[in-house]
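Working notes for the structure below.
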Amino acid sequence: MSWDQLGPLLWQAAGETAYMVLVTLVVGGFFGLTLGLGLYLTRPGNLLANRAVFAVLNAAVNVVRPVPFIIFLAVLGPVTRAVIGRTIGIEAFTFAMCVMATFVFARLVEQNLVSIDPGVVEAARAMGASPLRIIRTVLVPEALSPLVLGYTFLFVGVLDMSAIGGYLGAGGLGDVAIAYGYRQFDWAVTATVVVIIIGIVQLVQLLGNSLARRALRR
Amino acid sequence: MTAPIISFRGATKVFPGRRRGGEVRAVDGVTLDVHAGEIFGVIGYSGAGKSTLVRLINALEPTTAGSVVVDGTDLTGLSEARLRPVRAGIGMIFQQFNLLSSRTVAGNVAYPLEVAGWSRARRAERVRELLDFVGIGDKADVYPSKLSGGQKQRVGIARALATNPKILLADEATSALDPETTADVLALLRRVNRELGITVVVITHEMDAVRSICHRVAVMEHGKVVELGDAYQVFSAPRHPVTRRFVASALKDRPSPAVLARLRARHPGRIVTVRVDEVAGSSTHLTHVLREHGVDGTIVYGGITEVAERPFGSLTVELVGSPDAVDAALTGLRAVTDVVDHGTAADPRDDASAVVPVPGPVEGSDR
């Protein structure tokens, strides 16, 4: 395949990947943070300790997370149809990515919050702060640095998920590498896509590290 | 006597254990009053329940039985939402300072003011005022990780005082600090009490902290208060074994049996320990009595320090003179203070009450 043909193809695919990844990062990031906070807060001994709620959330995360994404796409089918209206296409695929990203990020968030010194939370309680205020002004700011790193990690995971977008006709860079590279024995195309993806990951990781360092305040 | 600002009545806190029957009675039926304007000390070894007791005051832990009344408000059974304003009116400082690492010094001190809904301008003014009061006005824009332990605790104190509380709770506030910094922080707490009229409750396992600033103390063991009273009285006449151990650890003024044996070997004369306190007066009496009876006295051991800002301690003296004169001098001394006669190397008298209780396994201790 010549560069003249490959160029526009890659350009379009990059746009599709960007759409899938960005939507997932925003939606999955938001719900993941919420679910992660829920896991942390309802954990026995914590601010909103609730054994039943914690057990349900914890089980949900444990059930969803280990399912391989390609199988998860199939299993989630009925839900995707109910929400999006169809089970193929970039919207349907992105929806599945958002759901998976939510559960993956929830665990990351919870693990980072657990490392916060409980004494700081106690101090805030002693000053009369409400749980909502403590979430906003203590938990998130205190864990910001590891949360940024966790979010960067999530980005890589999401990019990974997006690679199989071709299975649902969602397109993306991964689809180019498979459809035009692998299936047509054109190793150069596959390699080009890989180099592009590595470049993106490197850039984002660099950005994440530098933001995390600035958030550390040390 | 002033009205109590904090009243415990049979206050009990039981933590459920992991297994059945494994419950922990951290605070067990405590009844005591803390008076407005005093510095009240709660001492005990770790695990005695003092940290839980102090958390009953601002309801970070709710009681499981009994009641706690703070400044006229009965905290028993109040909802979280109703407890929040009560907590906001009570300052608290911690052993590990518990500062927000994501905020500057000024941001930390401003935190309780944000909770209380102060405007930005009023907050800034109050923060400046507080940082000046605790002596770190130049550190406003620094992050806590750049501060020393003493400076961090000053930030903690400034933060605790921000909303003009009536009560300040200090939970092992000096236990993570070196001796010199400890003295500075204790002096600051005394200023808080004197200049601002804030009632201070100090939780500690360090007798030195109690000795230097507390007016009254409660000694805790196994969740119960085993001794309660005026700090000076508790120090000068400790009744409970735990209290005796604390006193001995704080005042190293009385010779241990081993020291006594060495003193006898070194000094041929009669060895006596003379108590020095407010009632007995300074060592002037000692000088007078010895001169009166023609006996020479050499101080061989001991020390005088301050408890609750009053003199307290003992001196161990070697008395040299004719046996009759020494006996007469002893009688004279006994008339004005407590005297313990250790005898001489040839005729040792071991008076158990004089000897410091040996730190170590004491029945009923929690260590």
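Bear in mind that the values in this text are calculations on the coordinates, not laboratory data. Keep in mind that this is a model prediction, so the values were computed, not measured. Neighbour counts are summed over all protein chains in view; Cβ atoms, including those assigned to glycine, are modelled from backbone coordinates with ideal geometry.
Pick out, in residue order, every one of the trypsin sites (Lys or Arg not before Pro) in region A:39-89 that is DSSP loop and has at most 16 other C-beta atoms within 10 Å; say none if there are none.
Details: sites: A:R51, A:R81, A:R86; in loops: A:R86.
Those that pass, being in a loop and sparsely packed, are A:R86.
Can you give me the convex hull volume of the Cα atoms of region B:4-250, divided per residue and expressed in Å³?
Details: hull volume 32.6 nm³, N = 247.
About 132 Å³ per residue, rounded to a whole number.
Report the percentage of all Cα-Cα pairs in the protein assembly as shown whose separation exceeds 48 Å, rounded to a whole percent. Before the final figure, lay out the partial values.
Numbers: 62846 of 170820 pairs.
Percentage above 48 Å: 37.
State the Kirkwood hydrodynamic radius of region B:257-354 in Å, one decimal place, computed from all pairs of distinct Cα atoms.
Working: mean 1/r = 0.0740 Å⁻¹.
In region B:257-354 this quantity evaluates to 13.5 Å.
Contact order normalised by length for region A:3-216, with contacts defined as Cα pairs under 8 Å and 6 or more residues apart; what percent is it?
Details: 244 pairs, mean separation 58.1, N = 214.
Relative contact order, region A:3-216: 27 percent.
What ³J(HN,Hα) values, in whole Hz, does the Karplus curve 6.51 cos²θ - 1.76 cosθ + 1.60 give for region B:248-263 when θ = phi - 60°, with x put for Gly and Pro?
These are the phi-based 3J(HN,Hα) values: 4, 6, 8, 10, 8, 9, 9, x, 6, x, 5, 5, 4, 4, 5, 4 Hz.
With N residues in region A:3-216, what two-decimal value do you get for its Cα radius of gyration over 2.2 N^0.38 Å? Mind showing how you got there, number by number?
Numbers: Rg = 19.7 Å, N = 214, 2.2 N^0.38 = 16.9 Å.
Against the compact-globule rule of thumb, the ratio is 1.17.
Based on DSSP H runs of at least 4 residues, each adding -39500 (n - 2.57), what is the mean residue ellipticity at 222 nm of chain B after dividing by all its residues, to the nearest 500 deg cm²/dmol?
Values: 12 runs with 127 residues, N = 367.
Computed mean residue ellipticity for chain B: -10500 deg cm²/dmol.
Under the definition of Cα pairs under 8 Å and six or more residues apart, what whole-number percent is the relative contact order of region A:58-127? Provide the component values of the computation, followed by the final result.
On the way: 28 pairs, mean separation 21.8, N = 70.
Averaging sequence separation for qualifying contacts and normalising by length gives 31 percent for region A:58-127.
Shielding by partners for B:153-162, please: the mean number of other protein chain Cβ atoms within 10 Å of each residue's Cβ. Walk me through the intermediate numbers first.
On the way: counts 0, 0, 0, 1, 0, 0, 2, 3, 0, 1.
Neighbouring Cβ atoms belonging to other protein chains average 1 per residue here.
Per DSSP helix of 4 or more residues, -39500 (n - 2.57); summed, then divided by the residues of chain A. What does that give at 222 nm, rounded to the nearest 500? Could the numbers behind the result be given before it?
Values: 10 runs with 160 residues, N = 218.
Mean residue ellipticity, 222 nm, calculated: -24500 deg cm²/dmol.
Kindly count the pairs of lysines across the protein assembly as shown whose alpha carbons are less than 25 Å apart, treating pairs on different chains or eight or more residues apart as eligible.
9
Under the definition of Cα pairs under 8 Å and six or more residues apart, what whole-number percent is the relative contact order of chain B?
Numbers: 706 pairs, mean separation 61.8, N = 367.
Rounded, it is 17 percent for chain B.
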